[in-house]
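Heads up: the structure comes next, in structure tokens.
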Amino acid sequence: MAETEVQHDVIVIGAGIAGLVAANRAAQLGKRVIVLEKSKEEKYLCNSRYTYGTFHINFTDVGADEDVLLGKIEACSEGLARKDLARAIAKDGRRLMQWLRSEGIDLFDLGGYQTNVLAPPWREGFGLTWRGYAGDVALARLEENLRQRQGRILRGMRARALKLASGGIEVAVDEAQGTTKFAARFNAPSVVIADGGFPANLDMIRAHISSAPEKLLARNGGTATGDGLRMAQAVGAASTGLGMFYGHLHSRDAMSTDRLWPRPYADEIAAAGIVIDADGRRFADEGLGGIYLSNAVARLPDPLGATIVFDQAIWDGPPGRGHAQPPNPLLPEAGGTLYRAGTIAELAGLIGIAPPRLEQLVREYNAAVDAGTVHMLSPPRRSDRYRAWPIRTAPFYAMPICAAITNTMGGIVVDGHGAVLDQSDRPMPGLFAAGSTVGGLDGGPNAGYVGGLIKATIGLRAAEAIAVS
């Protein structure tokens, strides 16, 4: 292996938003920084390139009171989030927004929890639109800022292994030039892993999330393959929460066309109606929402066997039309399959379920809604987050769905400063992680979601910890 002669203080693995935040902040504080990005393209694909652009903490404005935000993290993770990591996000999420603005990145206020949205935002039509919007613009700005600070992004550099030594950390890299690959290595006192988790690694998804990963929709940039997690584990880093992911429910047709992802998704419709498996049985609590349901669908023996059943009131009401890019009318406009029938028995025949079974299921569900006893259904359904709508207004609908994975929730264990921790909860000298490769924040038994972009806060804090070390 050839060793680079250039000296570096910090090596960042991954050029998504968390990596570029860490790189720029470290360079701003006087460190010599390089970023290793495995993709060769000028506009390398990653989740940060595709992002919708909203910084939030569990769907709450990052400018809210620190203790309120901490409570949101505690509640959604059901107490399993690391206390120091949760406190760091709750405390410095607002400071991250201030720092991004100081970097020349515009943030829009779209109301509600969307008070800090990367500009220009995209909120129209269906399918995937990213060029010139949100994350694409932010990454370009951060890359230019890094260049002006004498830092560099080295494209075509896939980090393969770490070696810890008393003088720093060595990163072994596959360097791609055209069709030729070379082995190289880089050394620095500090390394920040920010390569986005493992949503694009079918083997790791099979090991931790679903027995049939090929039946999940890859609602992501397709480049986060778990290299950082694997390398960190190989040198003794702890990991946590690998069985959960952030994602949404989409029309099953999204498996074969990009017209139906990342928008529209069907989460609100699923949370209002009922979700059944291929045998016509409910299998999860719809009242926990689409992110939880996506995880539940992924765990089915056949993740492509799930269907949402609902009625005209749901389709025409807030669940169907309330989103900025709603399934009604975008799903049929994009060509998504939607079965429609005048009776539940007729609908059952269209989706291959025995009519008496579906009729009984809907009848029992409606009775529980009327009596306020949905918590006594099997499986139980909660109603404090999402209203359980009755299904009685003809025509009736069935939407075949798939589970779509955007980010993995679990990952490398870090403390509140982004320092990677070993199996004994001790910091590993010089090794840090940030962004969606980090675990210990999202998750819990019901896939509580804190937020994706907000994890760039860990990159900010990691750079500052490196600067004073």
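Computed values, structure above
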item: Entries of LYS72/LYS163; LYS43/LYS83; LYS31/LYS455 with Cα pairs more than 26 Å apart; result: LYS72/LYS163; LYS43/LYS83
item: Ratio of Rg to Rh over the range 215-337 (Cα coordinates, Kirkwood Rh, two decimals); result: 1.04
item: Spatially proximal lysines relative to LYS40 (Cα-Cα < 19 Å; intrachain offsets below 8 disregarded); result: LYS181
item: Hz values of 3J(HN,Hα) by residue in the range 15-31 - Karplus curve (6.51, -1.76, 1.60), Gly and Pro given as x; result: 10, x, 5, 5, x, 6, 5, 4, 5, 5, 5, 5, 5, 4, 8, x, 8
item: Measure of compaction for the chain (Cα Rg per 2.2 N^0.38 Å); result: 1.00
item: Cα-based shape type of the range 102-160, given that a ≥ b ≥ c are square roots of the gyration tensor eigenvalues and the cut on a/c is 1.5; result: oblate
item: Excluding exposed DSSP-loop GluC sites (Glu not before Pro) (at most 11 other C-beta within 10 Å), longest clean stretch of the chain; result: 125-469
item: Charge dipole (debye, nearest 20) of the range 120-221; +1 at Cβ of Lys and Arg, -1 at Cβ of Asp and Glu; result: 100 debye
item: Theoretical ellipticity at 222 nm over the chain - DSSP helices of four or more residues, -39500 (n - 2.57) apiece, nearest 500; result: -9000 deg cm²/dmol
item: Percent RCO, i.e. relative contact order, over the range 216-318, from Cα pairs under 8 Å lying at least 6 residues apart; result: 27 percent
item: Solvent-accessible area, 1.4 Å probe, carbon plus sulfur percent, for the range 71-110; result: 50 percent
item: The chain, accessible area per residue, ligands and nucleic acids excluded (1.4 Å, Å²); result: 38 Å²
item: √(5λ) per eigenvalue of the Cα gyration tensor, the range 69-150, largest first, Å; result: 27, 19, 12
item: Global form of the range 1-131, assessed from the alpha-carbon gyration tensor, a/c cut-off 1.5; result: oblate
item: Pairwise centroid distance, computed over Cα atoms, of the range 433-469 with the range 135-196, Å; result: 19 Å
item: Rg and Dmax of the range 4-43, Cα atoms only, in Å; result: 10.5, 29
item: Cα gyration tensor shape for the range 179-278, rounded if a/c is under 1.5, else prolate or oblate; result: prolate
item: Vicinal HN-Hα couplings computed from phi for the range 158-164 (Karplus, 6.51 cos²θ - 1.76 cosθ + 1.60; Hz; Gly/Pro x); result: 9, 5, 10, 7, 10, 9, 8
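The values are calculated or read from the model by the stated rules, or taken from the named source; none is laboratory data. This structure is a prediction, so every number in the text was calculated from the model and none was measured. Neighbour counts are summed over all protein chains in view; Cβ atoms, including those assigned to glycine, are modelled from backbone coordinates with ideal geometry. We work out accessible area using only protein heavy atoms, side chains counted, and drop any ligands, DNA or RNA first. Shrake-Rupley method; radii C 1.70, N 1.55, O 1.52, S 1.80 Å.
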